[in-house]
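The values are calculated or read from the model by the stated rules, or taken from the named source; none is laboratory data. Note that the coordinates shown come from a computational prediction; the quantities given were computed from them, not determined experimentally. No Cβ is skipped: glycine too gets one built from the backbone with ideal geometry, and neighbour counts run over all protein chains shown.
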Amino acid sequence: MAFTLPPSGEAGEDRYTPLAEINVTPMVDVMLVLLVIFMVTAPLLTVSVPLDLPKSKVTTLTEPKKPVVISLNHEGEMFIGSDRIDPADLEQRLAGLAAEDADRIVYIRGDRTISYAQLMDALGIVNRAGFSKVSLVAEAIASK
């Protein structure tokens, strides 16, 4: 904080009065010094070791398989994807899919009017078929 002297001849007043200005010059000086330091050190942080890396014949990563979607409608019909399937054949079809890749995720979509027993039966069939990653699908409530 800087102080100024009052003009001479004014008696009875304080000798020093505060000057209400902020001096930003020291702050700018510090920032410029920091900028120069970062500009000098940044290129030194990169690794620039020239290497002749070996070649490799690796197989490309496979895309994860699409999940198996099982749907149960209000009439009790079952679907794998969009294909209608007889409930008696569901376990056999799922066992075939599990034999291909048992780590696939199975989504079970059930109409809100089906019974809890129908949903649990479907979960049991999926489990017996060999799948361990099962999720139930619900519709999100729209927020206002």
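The table below gives the values:
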| item | result |
| --- | --- |
| Every residue from the stretch 82-97 that is in contact with a strand residue (DSSP E or B) (Cβ under 7 Å, 6 or more places away or on another chain) and part of a strand (DSSP E or B) | I85 |
| Selection within the stretch 86-96 - in contact (Cβ under 8 Å) with a residue 24 or more places away in the chain and more than 12 Å from I125 (Cβ to Cβ) | none |
| Residues (β-branched (V, I, T) and at pLDDT 90 or above) located in the stretch 109-125 | I125 |
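Conditions (1) assigned to a helix (DSSP H, G or I); (2) more than 33 Å from the chain's Cα centre (by Cα); (3) more than 15 Å from K66 (Cβ to Cβ); (4) not aromatic (F, W, Y), marked per residue:
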{"position": "A99", "(1), (2), (3), (4)": "yes, no, yes, yes"}
{"position": "Y107", "(1), (2), (3), (4)": "no, no, no, no"}
{"position": "R112", "(1), (2), (3), (4)": "no, no, yes, yes"}
{"position": "S132", "(1), (2), (3), (4)": "no, no, yes, yes"}
{"position": "L136", "(1), (2), (3), (4)": "no, no, yes, yes"}
{"position": "A142", "(1), (2), (3), (4)": "no, no, yes, yes"}
